[in-house]
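One structure is given here, and the rest of the page talks about it.
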Amino acid sequence: MSVPALEVRGLVKHYPGVKALDGVDLVVHQHEVLGLAGENGAGKSTLLKALVGLVTPDAGEIYVRGEAVRLRSVVEAANHGIGMVFQEQSLVPNLTAAENIVLGSEGPAVRRGIYRWDAMRRLAQEQLDKIGSHIDPLARTDSLSFADRQMVEIAKVLRIEERSQHPPVIILDEPTSVLESKEIETLFAQIRRLREFASVVFVSHRLDEVLDVCDRVAVLRGGQSVGEVATAGAVPGELHRMMIGSTGSDDHYHENAAVPVTAEQPRLSIRGLSGSTFHDIDLDVASGEIVAIVGVHGSGREDVCRALFGAEPTTAGEIRMDGRKVDLSSTRAACAAGIGYVPAERKIEGMVGPMSVADNMTLSKQQARCTGPFVAPRKQAGLVDGWIKRLSIRTPTRDTAIGRLSGGNQQKVVLARWLVGGDIRLLLLDHPTRGLDIGARSEVYRLMRELAGTGVATVLLADSLEEAIGMADRILVMTDGRVATEVACPNGGKPSPLDLVKVMV
Amino acid sequence: MSTPAATRPATVSLRAGRFTGFMPLIALVTLMAALTAVDPDFLTQRSLTAALRTAAPLIVLAAGATLVVLCGGIDLSIAALASLSTVLLALWLPDLGGPATPAVILIAAAIGAVQGAAHVLLRIPSFIVTLGGMSILSAIALVVSGAGTVRVVDDSTVSWLDLYIGGFLPTSAAVAILLVALIALVLKVTPLQSWVSATGYTESAARLAGTPVDLVKIGVFCLSGACAGFAAVMLVSRQFSGGPTMADNLLLPAVAAIVVGGTAITGGHGSVWRSLAGALVVTLLRVGLPIVGVPSAYEQILYGAIIVVAVALTLDGSKVSTIK
Amino acid sequence: AVLTGCSEESGGGTAAAGSESCESSEVRLVGQVRNESNPYEASWLAGGDVFAQSVGLKQERLTYDGDSTKQQEQISQILAGNTKCLVMNVLPNGDSDTAPIVKGADQAGAYLVTQWNKPADLKPADHKTWLSHITYNGIESGQQIGDALSTAIGGNGGIIALQGVLDTAAAKDRFAGLEASLAKNPGVKLLDQQAANFSRAEALTVTKTLLTKHGDNVKGIWAANDDMALGALEALQQAGRSGKVAVVGIDAVPDAVSAVQKGDMTATVSSDGTWQGGIGLAIGYCVATGKLKVADIAAGNRAFFARQFLVTKDNAAEFAQPKANPADFECGNVFNRVAGPLT
Amino acid sequence: MTVATEVAVAPRRPSRRGASLRDAGPPLALIVIFLIFAALSPQFRSADNVRNIVDAAAVLAVVTCGITFVLMMGSIDLSAAGVMGASALTVSLLVANNRNDNDFGLLGILIAVLLGCAFGCLSGLALVLLKVPSFMATLGVSAIGLGVATLMFAGVQPNITDTMLESWAIERLLGFSYLTWIAVACILIGWLVQRYTRLGRYAYAIGGAEEVLTLSGVRVKPYKIGVFALAGAFYGLGGVMVTSQLGAGLVQAGDGYDFSAITAAVVGGTLLTGGRGGVLHSAVGVLLVMVLTNGLVQVGVSPYWQGGVEGLIVVAAVAAAVIPQRRRNQVVK
Ligand SMILES: Nc1ncnc2c1ncn2[C@@H]1O[C@H](COP(=O)(O)OP(=O)(O)OP(=O)(O)O)[C@@H](O)[C@H]1O
Ligand SMILES: Nc1ncnc2c1ncn2[C@@H]1O[C@H](COP(=O)(O)OP(=O)(O)OP(=O)(O)O)[C@@H](O)[C@H]1O
Ligand SMILES: [Mg+2]
Ligand SMILES: [Mg+2]
């Protein structure tokens, strides 16, 4: 076999209190798509950042086409032909797509600090043509759809081709977590095209995706390489076992724990709800029921969810909880009515990064930690520790800033926020498992079941159709801001994803 | 669109973290030492007493505005509001006597709340609301006072603020420190601390957690107004008069006090204690430099250089993601 | 906690007032003005230095950037130091700033001379160490230049007025003087009045606006100080109307005097910064060293208008170079320029 | 500080490149306010007065041009007053004047502008190296500038006798003073910088997403310093222009320009959070502010009330401008 495109030997990276990388070995061959799997915090992102010069390893070597290199910056990495699409999208929203594509290596597009817009457009167009995207290079990035932006990111990464004479290595860190299934398909097509002239490293927590698009999967655990799997004929279970070091439960969605819904008076009942992006929504959710809303981008389901939480204005309609009409003009009113909301954008909407786990957990239900108007530190400590234990949240202490936890554990804290008060009646979950590894997902699912068991009604905007089908008792399909149809989804009588896709488009 | 944080989080150990909490105090002590080195007469009890008395209104102003800054906003109207309050107090003292003081503080609080409400309801940046508020309040003060100083002949009801406890601790300074302690205590023992920091760090998340963000914001503007009113009472007790521009020049020192204390101007991180130390640093700079004989021109140059360095020392970089 | 008045314990001044007189070398001279960045106040401090040198001392210069609170802060810090034989010549920022300064000086036993600003009902005669308050008669000067202006425009036509900082006594008195002048000269009409805050730059913009508003009706510009008059001159030049509109101001700063000499400006009124800077220290020094007894100072000299002169083209040459004359500051001469008691 | 960010979510209102509705607010407000004053006062609508407004806007326009770049980055700059004072004194002592025998003419002007540039660098360095928030760094630099100016002033007002510099304020071309044309040139240059140079585009990008630039391998620090230096140069030129207007170098040459310029920029539609707005927006904002100040005098509003009325209208204008952008969970700081 030819010399590997990229090789990593014994990479070590310490963070205070954490050994993020503990002697990782990794080989990326030419013209292959290598999957990288591992739990949250296994060290995937750290490893990849080391490969593009954003993280300086404490020990270990990196070889590019057999040659030992030291990567001190993104630019150096790019000069060696290594480029990365980051876990969260990283484009400058108020620049044009073209500028984003050439950012950092403008080449002929900028001469002596002066922009040549024509040259820039041409350069960008070349990159976009490579991946067959038809967007206008001079469109502002924030006017593009998610999928188009992802295309721009890939186009941007492909610029490294011009910067090194060798086939590039392109790293994609969880590119799919924010994409819809159709967009994912497009992306995969691009990845397969890339393989023709490049090597690709691909990270996703959706193991089926990994198996689908990759040629080989390397697994990290606790900052160490624990093996690799050729994808041909591999099953997710096997990967999962390597990731966590033991056999995962077969019952991923905890369907056994699902409780039958008794149809009495609905917990949530909305009639004719309309807003700027949705119209005339009717929906009933019974106590203990999990209702998933599915739909493509622009179907308006996020806004319905936000409207139910008072975070989006409505123009018409009526909302009742347990038969009583409620006014949801502010998030505060919604909280008081026993509604909880877990937003999709965890980092900026879900949690207050620099604040402690304890304070984040009690942010919504202050009364739970207070006696009278005063905070009772003991009470809070007991309460928070109780929930940390109950949800097995992995955090050094309750006073650790939540921003330092891994995504899964952050999400558990955000969920716990609604539970500490003990008065939650309706949970609105917007992509609650986005970016979580299988283990953490499974925990979240278990938690959802447990809550449903105690009578909490749940509205779920699932990360994938499989998740919706696995978790929901009933699925609402939304298109263009209206409820297109409703699909019953009882245990034992689950529809197939294909059934849903048919009604979605 | 969310973006990954590229700034590698500074790897400060816990001990270093605790150390930065003392930075404002260290800055204060260093400055005192430097001033004393230049002029040994500076470090006398009487001189310190005078400095404390001088700092009192600034402490009060800065303490109130600190909460606004913690919430991520800024209040540029405090000084103009304090000026207006001195005029109102001076006008009302003859008729109302003692109750004039609470009345003025209430009015100032109400004006603060109105600005807060305008900021929250009209969705205008606090910088603009309070900049507008500043000119409007100045105009009102000018008109109400007839563009002149309003003398207070009988200041018996406010003169207690200009006394000394035990002969050396100015009452006004004691009251100011008490106020800071009170604000800090209330924040600490109630959910307010959580609400304020959550609002300051990540307002959208705070709102989606059901935190009463709007109320908290209006509340802090209200408190900031009340503090401005209270600072005005101190000024009147010291000046025996009210004037439409009396406190105007305290705006930048008050903001400087907050920032020099190490409170992040982007919101979230900081405390009123830090502003107390900051106010003392700023006061020492304002009065100390000329008193120890620094010529006027060099005084300004030194002032500028020292506050910049002081902020560099006190601001805990690891707590503030991007410095704009 | 024991609440006490600040007189004994903290004011602490064991001094002076009348008890025993100081050695000349013991005297501490402090001059305080707004800033050193304008000619008038710079000349004040220079005058203070001239006097200090004449008695072999050094003046401590304080400036407070036109910031009332900062002025108070500095005063209380000064008074917290050694106040035995302390002499202060202070320009209070506004009327309201005088009372606390006086009170502080009283308690500390420091000798104090104030200038320009003080509330009418606060009188040096009621105090032991507040030796004197010196000012110029703003009503008179406002009226003098008003009259000069109306003569210059032939007693007939429209004028505009540029006011100073609205809440200062100087601005108000001077404007009152203009009103008195207008009453005497019925042919002259006040077209407009705007505040330009004693600032050259603001006067420039305001004048330009007023010139377009009133056009050729503007025959004269009355400015409450020379800085604004100079700003108005620039505005006239930029509007292409220099020489066609008469301009008057107050203060006799060097630039204005030379403008008067050249005929660009009609008149200004001398207020002699150099003398003011020295005289306050001189009075204090004389009392502190026992050469002058407070009791001996005539009642009319405890608060007085200093002599001022209308500067016109005829006499401008005399005022072109303001220079302090140490003879003015001798203890026998300190009240030579009294034009009358403060009314 | 002081910010109106929008919550980062999927794009809800796709806005194409080019002018959008929200950019139309300030020009509309300008027209409305102009028409109101024109209806109220015949002098206001006279050609002379319109010329006067434009002439009076010249210095503010130049200063605002500079501050706009800083605001676009999401930083703030309060150093204008000090920098202008220092440059005013510098230029008045370097061109022909009554204090010394210098007569450097254009070179003197250039040096004054460069001095402004140096002060800007100082702010930028304090921000980038000492990690002092720009609010404080520039406040400090302003104090330093005033101190330096006071040192140069040394008690005697330097009056300029340089005919060229004097003529800037007096001579007219097509009805407008040279200063106005200088301001127009500055706006044009500013616009070109903003649109066609890396410095300008990066300033804009830093306001949009600074972290992304770093991830893309762009070293932002030099650009931040560069932006402050550019702004400082504009303030320096502003100081020169004030000197030309007043015929003398004043320490107070820049008094009040810091806040007026920020107000003008914000009224024009530049966000204090950065990432939006620009030089042309600011030009509109400057005109709006000048129309207001002039109009209030023309219609005869009492001097006592002028500041207040102006403040009220500015707040109202910004409030009206943000109405189309209001959303429930929007972050406004
Ligand atoms: N900047 C940092 N400072 C301190 N510790 C860090 C930092 N970045 C990562 N870590 C630690 O390194 C470990 C590995 O993190 P890494 O981001 O590589 O995980 P990951 O495998 O990418 O997880 P995920 O699937 O959640 O993206 C984490 O447990 C974390 O505690
Ligand atoms: N300042 C920090 N200190 C310590 N650990 C950190 C810090 N920042 C990030 N990490 C760690 O780095 C890891 C990855 O961070 P990252 O931001 O990629 O996580 P995420 O996207 O929120 O969640 P997920 O783990 O689901 O991907 C996390 O496990 C987190 O614990
Ligand atoms: Mg990761
Ligand atoms: Mg991650």
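The values are calculated or read from the model by the stated rules, or taken from the named source; none is laboratory data. Source: prediction; values computed, not measured. Cβ coordinates were reconstructed from backbone atoms using ideal geometry, including for glycine residues, and neighbour counts include every protein chain displayed. In case anyone asks, the SASA skips ligands and DNA or RNA and just uses the protein heavy atoms, side chains included. Shrake-Rupley method; radii C 1.70, N 1.55, O 1.52, S 1.80 Å.
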Convex hull of the stretch D:172-309 built on C-alpha atoms - directionally averaged projected area, nm²: 10.3 nm²
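Of the heavy-atom accessible surface of the stretch A:1-51 (probe 1.4 angstrom), what whole percent is carbon and sulfur?
Working: 960 of 1870 Å².
So the carbon and sulfur contribution to the accessible surface is 51 percent.
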Per-bin percent of Cα-Cα distances, chain C [10 Å]: 6, 26, 31, 20, 11, 4, 1, 0
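Rounded to the nearest 500 deg cm²/dmol, what is the calculated helix-only ellipticity per residue at 222 nm for chain B, with -39500 (n - 2.57) per DSSP H run of length n ≥ 4? All intermediate terms of the calculation are to be shown ahead of the outcome.
Numbers: 13 runs with 214 residues, N = 324.
So the helix-based figure for chain B works out to -22000 deg cm²/dmol.
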Dipole-positive endmost among A:S330, A:T362, A:G386 within the stretch A:305-411 (Cβ charges, Cα centre): A:G386
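So, by mean Cβ neighbours within 10 angstrom, what's the order for A:485-497, A:224-236 with the highest one leading? Present the calculation step by step, with values, prior to reporting the outcome.
On the way: A:485-497: 13.3, A:224-236: 14.9.
Order by mean packing, descending: A:224-236, A:485-497.
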Interface residues in the stretch B:295-312 - accessible area drops by 20 Å² or more relative to the isolated chain, probe 1.4 Å: B:S296, B:A297, B:Y298, B:E299, B:Q300, B:I301, B:G304, B:I307, B:V308, B:V311, B:A312
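Residues with beta-carbon under 13 Å from that of C:E202, excluding C:E202: net charge, scoring Lys, Arg +1 and Asp, Glu -1? Before the final figure, lay out each step's value.
Values: positive: C:R200, C:K208; negative: C:D227, C:E234, D:D255.
Within the 13 Å Cβ shell, the charges total -1.
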Average partner coverage of D:190-200, which counts Cβ from other chains inside 10 Å: 3
Averaged over B:136-142, number of beta-carbon atoms from partner chains that fall within 10 Å: 6
Rounded, prolate or oblate (a/c below 1.5 giving rounded, otherwise prolate when a/b exceeds b/c) for the stretch A:240-397 by Cα gyration tensor: oblate
Residues losing 40 Å² or more accessible surface upon assembly, the stretch B:252-288, compared with the chain by itself, 1.4 Å: B:L252, B:I265, B:R286, B:V287
Overall Cα dimensions of the stretch C:210-343 - principal axes, largest extent first, Å: 60, 29, 21
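So, with a 1.4 angstrom probe, what is the percent of accessible area on the stretch D:247-324 that is carbon and sulfur? Display every interim value, and only then the final one.
Details: 1530 of 2170 Å².
Of all accessible area on the stretch D:247-324, carbon and sulfur atoms account for 71 percent.
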15 Å Cα-Cα reach of D:K224 towards aspartates and glutamates, excluding residues that sit fewer than 8 places from it in its own chain: D:D77, D:E210, D:E211
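If I take R0 = 35 Å and measure r between the Cβ atoms of A:R446 and A:K182 in this structure, what FRET efficiency does the formula 1/(1 + (r/R0)^6) give, to the nearest 0.05?
Working: r = 30 Å, r/R0 = 0.85.
Plugging the Cβ-Cβ distance into 1/(1 + (r/R0)^6) gives 0.70.
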Of all DSSP beta bridges in chain C, antiparallel share, percent nearest 5: 10 percent
Value at 222 nm in deg cm²/dmol, rounded to 500, when DSSP H runs of n ≥ 4 in chain D each add -39,500 (n - 2.57): -23500 deg cm²/dmol
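Please get the size of the charge dipole for the protein assembly as shown, origin at its Cα centre, with Cβ charges of +1 on Lys and Arg and -1 on Asp and Glu, quoted in debye to the nearest 20.
So the dipole magnitude of the protein assembly as shown works out to roughly 1220 debye.
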Average beta-carbon neighbours from other chains, 10 Å sphere, peptide A:297-304: 1
Pairwise centroid distance, computed over Cα atoms, of the stretch A:19-46 with the stretch B:33-57, Å: 61 Å
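Magnitude of the Cβ-charge dipole of the stretch A:54-128, K/R +1 and D/E -1, about the Cα centre, nearest 20 debye? Don't jump to the answer; show the numbers that get you there.
On the way: 8 positive and 9 negative charges, 75 e Å.
Here the stretch A:54-128 has a charge dipole of around 360 debye.
Convert 20 °C to kelvin, take the viscosity as 1.002 mPa s, use the Kirkwood radius over C-alpha pairs of the stretch A:1-126 as Rh, and evaluate the Stokes-Einstein diffusion coefficient in µm²/s, rounded to a whole number.
Values: Rh = 16.5 Å.
Rounded, D is 130 µm²/s.
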Pair-distance profile P(r), taking every C-alpha pair of the protein assembly as shown, with 10 angstrom steps and integer %: 1, 8, 15, 19, 18, 14, 10, 8, 5, 2, 0, 0
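What does the buried accessible surface come to for D and B, summed over both chains, with the probe at 1.4 Å? Round to 100 Å². Write down the numbers at each step before the final one.
Numbers: alone 16040 and 15540 Å², together 26560 Å².
Its buried surface, counting both partners, is about 5000 Å².
DSSP beta bridges in the protein assembly as shown, what fraction antiparallel, as a percent rounded to 5? It would help to have the intermediate numbers written out before the result.
Working: 62 of 133 bridges.
If I count the DSSP bridges inside the protein assembly as shown, around 45 percent turn out antiparallel.
Note the full-extension length gain between C:R307 and C:H214 as 0.36 nm times their separation in residues minus their Cα-Cα distance, in nm to one decimal.
Values: separation 93, 0.36 × 93 = 33.48 nm, distance 3.62 nm.
Computed gain between C:R307 and C:H214 is 29.9 nm.
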Separation between Cα centres of the stretch A:374-417 and the stretch C:135-206, rounded to whole Å: 72 Å
Spin-label pair A:D499/D:V301, simplified geometry with 7 Å Cα→Cβ offset, distance in nm: 6.8 nm
Sites B:L121 and A:A333, calculated FRET efficiency, Cβ-Cβ separation with R0 25 Å, nearest 0.05: 0.90
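Is it possible to state the helix-based mean residue ellipticity at 222 nm for chain A, with each DSSP H run of 4+ residues giving -39500 (n - 2.57), the sum divided by total residues, to the nearest 500 deg cm²/dmol? What is it?
On the way: 17 runs with 158 residues, N = 505.
Estimated from H runs of four or more residues: -9000 deg cm²/dmol.
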Mean Cβ count within 10 Å, highest first, over the residues of peptides C:37-43, A:3-9: C:37-43, A:3-9
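Using the structure shown, list the pairs from C:K128/C:K323; C:K58/C:K313; C:K118/C:K291; C:K208/C:K313 with a Cα-Cα distance above 29 Å, or answer none. Kindly include the intermediate steps, with their values, before the conclusion.
Values: C:K128/C:K323 32 Å; C:K58/C:K313 37 Å; C:K118/C:K291 27 Å; C:K208/C:K313 26 Å.
Long pairs (Cα-Cα over 29 Å): C:K128/C:K323; C:K58/C:K313.
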Zone residues, the stretch C:236-258, relative to C:A317, backbone N less than 18 Å from point 7 Å out along Cα-to-Cβ: C:257-258
Where the protein assembly as shown is the region considered: accessible area per residue in Å², 1.4 Å probe: 34 Å²
Lysines whose Cα lies under 20 Å from that of A:K49, excluding same-chain neighbours fewer than 8 positions away: A:K13, A:K19, A:K156, A:K347
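Give me the net charge of D:K224's neighbourhood, meaning all other residues with Cβ under 11 Å from the Cβ of D:K224; Lys, Arg count +1, Asp, Glu -1. Before the final figure, lay out each step's value.
Values: positive: B:K324, D:R219, D:K221; negative: D:E210.
After counting each charged neighbour, the total is +2.
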Hull volume in cubic angstrom per residue (convex hull over the Cα atoms of chain D): 143 Å³
Residues of the stretch A:448-471 with amide N under 14 Å of a point placed 7 Å along Cα→Cβ from A:E255: A:466-471
Listed residues B:A56, B:A205, B:A226, most fluctuating in chain B (Gaussian network, C-alpha, under 10 Å): B:A205
Heavy-atom accessible surface of the stretch B:180-255: percent carbon and sulfur, 1.4 Å: 75 percent
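What does the highest-first list of C:131-144, B:71-84, C:239-252 look like by mean Cβ count within 10 Å?
The most tightly packed comes first, giving B:71-84, C:131-144, C:239-252.
Cα gyration tensor of chain B, axes a ≥ b ≥ c as square roots of the eigenvalues: rounded (a/c below 1.5), prolate (a/b > b/c) or oblate?
Details: a/c = 1.81, a/b = 1.14, b/c = 1.59.
The shape class here is oblate.
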Rough spin-label spacing in nm, given labels placed 7 Å along Cα→Cβ, for A:R394 and C:A120: 8.2 nm
Cα-projected label distance for A:D280 with B:T190, points at 7 Å along beta-carbon direction, nm: 4.8 nm
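Once you have a ≥ b ≥ c as the square roots of the Cα gyration tensor eigenvalues for the stretch C:302-343, tell me rounded if a/c is under 1.5, and otherwise prolate or oblate according to whether a/b is larger than b/c. Could the numbers behind the result be given before it?
On the way: a/c = 3.79, a/b = 1.37, b/c = 2.77.
Here the stretch C:302-343 falls in the oblate category.
Based on the Cβ-Cβ distance from A:D58 to C:N333, what FRET efficiency comes out when R0 is 51 Å, to the nearest 0.05?
Working: r = 83 Å, r/R0 = 1.63.
In this case the efficiency is close to 0.05.
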